[in-house]
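Following: one structure in structure tokens, then a few remarks.
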Amino acid sequence: MRKRRLLEPFRIGKMELKNRIVLPPMLCKYATQEGYVTERLKNYYEARARGGAALIIVEATYIHKQGWCYATQLSIRDDKYLPGLSELTQVIHRHGAKAAIQLHHGGRLAKSALSGMQPVAPSAIASAGSPLPGMGGEVSKELTVKEIAEIVNCFAEAALRARKAGFDGVEIHGAHGYLVSQFLSRSYNKRQDSYGGNLANRTRFLVEVIKAIKKAVGGDYPVWCRINGMEYGVNEGITLEEAQGTARMAQEAGSDAIHVSATGPKAPNNLPSHTFVPAVLEELAAGIKKVVTVPVIAVGKMTPDAAERILAEGKADLIAMGRALLADPELPNKIAENRLEDVTPCIECFGCRNDIFSNKLEIGCHVNAALGKEKEYQIIPAKKPKKVLVVGGGPAGMEAARVAALRGHRVTLWEKEPRLGGQLVQAAIPPYKDRVSLLPEYLQRQLRKLNVTIELNKEATVALIEEFKPEVVILATGVKPLLPEIKGLHKAHVVQAGDVLENKAEVGNRVVIIGGELVGCETAEFLAERGKKVLVMRRGPEMATGVGPSLRPFLLDRLSEKGVTLLTGVRYNEVTSGGIVVTTKDGEKKIFKADTIVLAAGAVPDQKLYEDIKGKVPEVHCIGDCVEPRTIRDAIGDGYRIGLQI
Ligand code: FNR
């Protein structure tokens with residue numbers, strides 16, 4: 001078989017890369033509050049370097065206090081950051097990867113609450129909205145020409161620091177609605193001077209930054225920029241044609257490569273896919289590649305096969321894989337070893353992205369519990385291999401079994417259903433959730449490879465467990481659906497959302513769904529797509545509050561497009577044979593006719609077996625939803641943790 005192009009060496013300027021795989025910059029929020037490198041941050045990057053990516057681009061790192069956007073964001077704005085940054089490049093270099101760092105200024109998206117300074121921008125327009133959820137909204141100050149020159153200088157000083165710290169190159173963050181792209185975009189740049197107006201003027205700031213950096217670090221030091229190939233859904237946003245012009249000017253100014261991303265509320269890289277389409281921005285990369293001679297980096301939902309095709313078609317030279325490398329840092333090594341079946345799949349849940357925009361202080365991953373815990377969560381052989389029984393084949397149970405088996409324990413897994421997967425099976429059914437099924441498929445493959453004994457249709461009882469004589473029992477028995485206390489609920493036309501999704505319940509034409517969190521809303525969309533007339537109601541004041549900012553607006557928009565009615569703030573009076581009686585938030589009593597009432601009111605832990613077995617086996621642990629109903633991330637996290645602990 002021909003060696004994959006993805007694994008061929010390449011170069012950006014004088015920087016030699018061992019393959020074509022790039023870790024794109026991703027804010028992981030593992031720095032200190034003041035922006036210093038931490039052990040955790042080093043471990044995170046070292047794992048990605050060890051995993052085989054040729055180029056590690058360290059996340060958006062702010063170059064000036066006024067450009068600071070996120071708490072625990074990394075900084076390079078002062079020499080005091082040099083020791084930490086030097087340690088960071090050392091751990092990346094240890095594994096033969098090259099290290100670059102993304103130089104960032106948030107402009108109008110910066111936060112005064114962090115910097116104590118009013119944000120600055122090409123133009124002071126607070127009303128222009130933001131391409132990123134939850135960002136912006138502050139009144140910014142229009143930059144003077146003198147202030148622009150000062151920021152250009154800060155970029156150059158930051159690049160010099162990067163070189164001193166041992167970075168092999170720098171990337172200018174010219175995308176995603178931050179300062180540089182605010183200059184590039186007609187939407188945010190309304191200046192009348194030489195930095196506004198036509199494309200050359202709007203690109204002037206980027207050109208000056210590139211030139212100043214080159215002057216500071218020397219002409220042969222690799223410097224490139226990341227730009228938006230398009231701003232989707234942004235009024236007067238950047239077009240591909242404009243991006244091509246910018247790319248040409250950037251190359252002329254000395255940019256050694258162009259990294260082509262995209263942004264905006266409708267950017268396909270940020271949209272959940274109904275049916276997963278890989279390489280969603282490839283035509284933008286191809287469009288830029290047509291007009292420049294320097295290498296082009298493509299990004300956006302890449303898979304190894306799509307990457308291979310893109311390289312073969314000459315649409316790009318390097319392939320950045322972001323979330324895929326959060327999910328599995330070893331992906332490049334596994335590609336090289338032809339072990340794609342062992343890759344932990346990114347399920348496109350946008351959990352990591354939600355963590356960025358919901359002001360969490362760190363990112364996490366639903367499928368990779370070791371993200372951000374690379375050192376503590378190393379899998380090391382158990383001192384004493386034990387006979388382990390896992391009860392329950394949902395994500396928590398399967399992950400516990402996988403990690404325990406990897407550590408050398410002898411693991412048996414009992415599942416009462418005829419199939420593994422637990423709630424993941426239902427979770428993968430609603431629209432836009434198809435990628436979720438990759439997770440149970442992967443876990444099952446791993447359990448088989450690791451010789452875990454799997455017994456399906458096997459319901460655990462105390463007697464059966466005692467007879468089996470395990471040294472450790474891990475209970476991952478999941479949840480029972482919650483039955484809210486509503487008069488008249490026990491009627492034949494009242495069904496559970498899970499049964500609806502799995503086609504186990506009859507559903508009539510007019511449907512009322514009780515519960516407006518993720519499951520209720522997803523089930524509504526599922527039914528609306530099947531032609532049902534759906535009304536979702538909940539007690540709380542807003543719908544889908546637990547759904548993160550990267551997904552919630554899309555979900556609510558789709559529900560409205562599909563004609564689903566949403567009703568918040570209700571009190572439930574009674575379920576009748578023909579529908580439901582509620583009191584609305586205005587105190588009005590209303591009757592809604594329904595052929596079917598669907599319950600999506602949450603779940604309660606199923607802990608009966610735990611209570612019964614305690615004290616009857618040497619060691620017992622309860623994990624996943626049977627502790628408390630939570631998310632896939634919690635289930636996988638619990639499973640991994642207990643797999644390591646026993
Ligand atoms: C990002 N992205 C991003 N982009 C960037 O230029 N600078 C940054 O610091 C970040 N931070 C960041 C954090 C997290 C958690 C995510 C998920 C994304 C965008 C990222 O580099 C990449 O372009 C997208 O993730 C799309 O690529 P994938 O994930 O589909 O391969």
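Could you count how many residues in the range 492-504 are in contact (Cβ under 8 Å) with a residue 60 or more places away in the chain and closer than 19 Å to residue 429 by Cβ?
The initial filter retains those residues of the range 492-504 that are in contact (Cβ under 8 Å) with a residue 60 or more places away in the chain, namely 493-498, 500-502.
With the extra rule that they be closer than 19 Å to residue 429 by Cβ, the set shrinks to 495-498, 500-502.
Residues in the range 492-504 being in contact (Cβ under 8 Å) with a residue 60 or more places away in the chain and closer than 19 Å to residue 429 by Cβ: 7 in total.
Within the range 61-76, the set of residues being within 18 Å of the chain's Cα centre (by Cα) and closer than 26 Å to residue 152 by Cβ comprises 70, 73.
Yes/no matrix, rows are residues, columns are (1) touching a strand residue (DSSP E or B) at 6+ places or on another chain (Cβ under 8 Å); (2) under 25 Å from residue 245 (Cβ atoms); (3) crowded, with 19+ Cβ neighbours inside 10 Å:
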| residue | (1), (2), (3) |
| --- | --- |
| 115 | no, no, no |
| 137 | no, no, no |
| 144 | no, no, no |
| 147 | yes, no, no |
| 171 | yes, yes, yes |
| 180 | yes, yes, yes |
| 188 | yes, yes, yes |
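The set of residues in the range 143-187 being in contact (Cβ under 8 Å) with a residue 24 or more places away in the chain and of a type in the set (D, E, K, R) consists of 147, 157, 161, 163, 164, 168, 171, 186.
Anything in the range 405-461 that is hydroxyl-bearing (Ser, Thr, Tyr) and either closer than 24 Å to residue 301 by Cβ or in a helix (DSSP H, G or I) (or both)? List them, or say none. Don't jump to the end; show me each part of the working.
Just the residues of the range 405-461 that are hydroxyl-bearing (Ser, Thr, Tyr), to begin with: 412, 432, 437, 442, 453, 461.
Across the range 405-461, the qualifying residues are 432, 437, 442.
Please tell me if residue 460 is in contact (Cβ under 8 Å) with a residue 40 or more places away in the chain and under 22 Å from residue 637 (Cα atoms). In short, no.
Restricting the range 374-389 to residues that are of a type in the set (A, V, I, L, M, F, W, C) and touching a Pro at 6+ places or on another chain (Cβ under 9 Å), the residue that is surrounded by the fewest Cβ atoms within 10 Å (Cβ to Cβ) is 389.
Evaluated against (1) surrounded by fewer than 22 Cβ atoms within 10 Å (Cβ to Cβ); (2) assigned to a loop (DSSP other than H, G, I, E, B); (3) in contact with a helix residue (DSSP H, G or I) (Cβ under 7 Å, 6 or more places away or on another chain), residue 347 falls short on exactly one condition, (1). Those helices (runs of 4 or more DSSP H) of the range 270-330 in which 1 or more residues are in contact (Cβ under 8 Å) with a residue 12 or more places away in the chain, over 22 Å from residue 8 (Cβ atoms) and not hydroxyl-bearing (Ser, Thr, Tyr) occupy 282-289, 323-327. Across the range 565-613, the qualifying residues are those that are closer than 20 Å to residue 507 by Cβ and among the polar types (S, T, N, Q), and the one among them that is surrounded by the most Cβ atoms within 10 Å (Cβ to Cβ) is 596. Evaluation of residue 244 against the conditions (1) within 15 Å of the ligand (Cβ to nearest atom); (2) under 24 Å from residue 282 (Cβ atoms) shows that the sole unmet condition is (1).
Looking at the range 11-19, can you tell me whether even one residue there is within 25 Å of the chain's Cα centre (by Cα), modelled with pLDDT of 95 or more and either among the hydroxyl-bearing types (Ser, Thr, Tyr) or on the phi < 0 side of the Ramachandran plot (or both)?
Within the range 11-19, the subset within 25 Å of the chain's Cα centre (by Cα) is 19.
Then keep just the ones that are modelled with pLDDT of 95 or more; that gives 19.
If we keep only those that are either among the hydroxyl-bearing types (Ser, Thr, Tyr) or on the phi < 0 side of the Ramachandran plot (or both) too, we end up with 19.
Yes.
Residues that are away from the ligand (no atom under 14 Å from the Cβ) and surrounded by fewer than 22 Cβ atoms within 10 Å (Cβ to Cβ) within the range 350-373 comprise just one, 373. Please verify whether the range 265-274 includes one or more residues that are under 28 Å from the mean Cα position of the chain (by Cα), crowded, with 23+ Cβ neighbours inside 10 Å and within 17 Å of residue 310 (Cβ to Cβ). Checked against the condition, which is being under 28 Å from the mean Cα position of the chain (by Cα), crowded, with 23+ Cβ neighbours inside 10 Å and within 17 Å of residue 310 (Cβ to Cβ), the range 265-274 yields no hits at all.
Enumerate the strands (runs of 3 or more DSSP E) found wholly within the range 576-628, keeping only those where 1 or more residues are farther than 20 Å from residue 465 by Cα.
Working: elements: 579-583, 589-593, 596-599, 603-605, 620-622.
Because the criterion is at least 1 residues that are farther than 20 Å from residue 465 by Cα, the strands (runs of 3 or more DSSP E) in the range 576-628 that meet it are 579-583, 589-593, 596-599, 603-605.
Evaluation of residue 388 against the conditions (1) within 15 Å of the chain's Cα centre (by Cα); (2) farther than 22 Å from residue 521 by Cβ; (3) of a type outside the set (Asp, Glu) shows that the sole unmet condition is (1). Annotation note: Cβ proximity below 6 Å between a residue of the range 225-239 that is outside any loop (DSSP other than H, G, I, E, B) and at pLDDT 95 or above and a residue that is surrounded by fewer than 24 Cβ atoms within 10 Å (Cβ to Cβ) and hydrophobic (A, V, I, L, M, F, W, C) (sequence gap 6+ or interchain) occurs for 229/240; 230/240. The single condition from (1) among the basic types (Lys, Arg); (2) touching a residue at least 60 places away in the same chain (Cβ under 8 Å); (3) away from the ligand (no atom under 16 Å from the Cβ); (4) within 17 Å of residue 294 (Cα to Cα) that residue 214 fails is (2).
Tell me, which residue of the range 510-537 that is within 13 Å of residue 597 (Cβ to Cβ) and in a loop (DSSP other than H, G, I, E, B) is nearest to the chain's Cα centre (by Cα)? Among those residues, the one meeting the criterion is 515. Only one entry of 616, 562 meets the criterion of being more than 27 Å from residue 488 (Cβ to Cβ), within 36 Å of the chain's Cα centre (by Cα), basic (Lys, Arg) and surrounded by fewer than 19 Cβ atoms within 10 Å (Cβ to Cβ), and that entry is 562. Of all residues in the range 62-87, those that are more than 15 Å from the ligand (Cβ to nearest atom) and not hydroxyl-bearing (Ser, Thr, Tyr) total 12.
Which one of these is hydrophobic (A, V, I, L, M, F, W, C), closer than 30 Å to residue 371 by Cα and free of Cβ contacts under 8 Å to residues at least 24 places away in the same chain: 604, 627, 581?
On the way: 604 fails: free of Cβ contacts under 8 Å to residues at least 24 places away in the same chain; 581 fails: closer than 30 Å to residue 371 by Cα.
Result of the check over 604, 627, 581: 627.
Taking the residues in the range 452-476 that are among the aliphatic types (A, V, I, L, M) and surrounded by fewer than 16 Cβ atoms within 10 Å (Cβ to Cβ) as candidates, determine which candidate is nearest to residue 614 (Cα to Cα).
First, the residues of the range 452-476 that are among the aliphatic types (A, V, I, L, M): 452, 454, 456, 460, 462-465, 472-476.
Filter once more, so that each one left must be surrounded by fewer than 16 Cβ atoms within 10 Å (Cβ to Cβ): 456, 462-464.
Working: 456: 24, 462: 10, 463: 13, 464: 14 Å.
The selected residue is 462.
In the range 159-206, which residues are among the small types (Gly, Ala, Ser), within 16 Å of the ligand (Cβ to nearest atom) and assigned to a loop (DSSP other than H, G, I, E, B)? Show your work before the answer.
As a first pass, look at the range 159-206 and keep what is among the small types (Gly, Ala, Ser): 159, 162, 165-166, 169, 174-175, 177, 181, 185, 187, 194, 196-197, 200.
With the extra rule that they be within 16 Å of the ligand (Cβ to nearest atom), the set shrinks to 162, 169, 174-175, 177, 181, 185.
Correct list: 175, 177, 185.
Among all positions in the range 298-311, there is no residue which is at pLDDT below 95, within 15 Å of the ligand (Cβ to nearest atom) and of a type in the set (S, T, N, Q).
Take the range 20-60 and flag every residue that is within 10 Å of the ligand (Cβ to nearest atom) and either acidic (Asp, Glu) or over 18 Å from the mean Cα position of the chain (by Cα) (or both).
Here is the first cut: in the range 20-60, the residues within 10 Å of the ligand (Cβ to nearest atom) are 22-29, 57-60.
The one that is within 10 Å of the ligand (Cβ to nearest atom) and either acidic (Asp, Glu) or over 18 Å from the mean Cα position of the chain (by Cα) (or both): 59.
Residues of the range 320-334 that are of a type outside the set (D, E, K, R), more than 9 Å from the ligand (Cβ to nearest atom) and buried (at least 22 other Cβ atoms within 10 Å of the Cβ): 327, 329, 331, 332.
For the range 121-132, name all the residues that are assigned to a loop (DSSP other than H, G, I, E, B), farther than 17 Å from residue 73 by Cβ and not hydroxyl-bearing (Ser, Thr, Tyr). Within the range 121-132, 122, 124, 125, 129, 131 qualify.
The values are calculated or read from the model by the stated rules, or taken from the named source; none is laboratory data. Computed from a predicted structure; not experimentally measured. Here Cβ is always computed from backbone atoms with ideal geometry, including for glycine, and neighbour counts include all displayed protein chains.
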